[in-house]
Amino acid sequence: MRGVDLEELRAHLTEFIAHKRLETEVKLSLVAHPRNLEYVPGVYEQWRDLVQHIKVSPRLGLAEEPGQPPLCMEPWRGNLNFYTNGEVSPCCCDWFTELSIGNVAEQPLDEIVHGERYKRLLENFLRGEVPNLCLYCREFTVEGAPLRLRKRWPKP
């Protein structure tokens, strides 16, 4: 969809794998959206010989009006977003750091991850008290486009 020659990408990836360190895992990540949905089921078979992990994520965006937020796994995934001012957020759509759980310029990352702000955010999600920003979140969801599907398999 982005004009990438997949055979050329496969050749480059094969070359990289031949020279990588043993402990380096190769992961594939793609975003499910209306124009590539038919290709998503075949990705596993096409790339499993080269990668150890495949993640399919829905396309994210923000709506102009608030609504029912989707079931969100971002705060629990462990994926953190670091901004140039040092702020840390568990949400990739948090462009203005409204959900900031700390600042790496002010405290160590392990304190941020285990800190009260992050715990409070997670507790609020569990109680159904989602932040205002989440009311505007719109994930692309349709039958066949899983929410945060991950596939792992044993190394050969």
So, counting K/R as plus one and D/E as minus one, what does the shell of residues with Cβ under 9 Å around Ser100 add up to?
-> -2
Can you give the net charge of the other residues whose Cβ lies under 12 Å from the Cβ of Ser89, counting K and R as +1 and D and E as -1?
-> -3
Between Gly102 and residues 5 or more places away or on another chain, which pairs have amide H atoms under 5 Å apart, with H built 1.01 Å from N, and which residues are they?
-> Val88
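Read the figures in this text as sums done on the coordinates, not as results from a lab. Note that the structure is predicted; figures quoted are calculated from it, not measured. In this analysis, Cβ positions are derived from the backbone assuming ideal geometry, glycine residues included, and neighbour counts consider all displayed protein chains.
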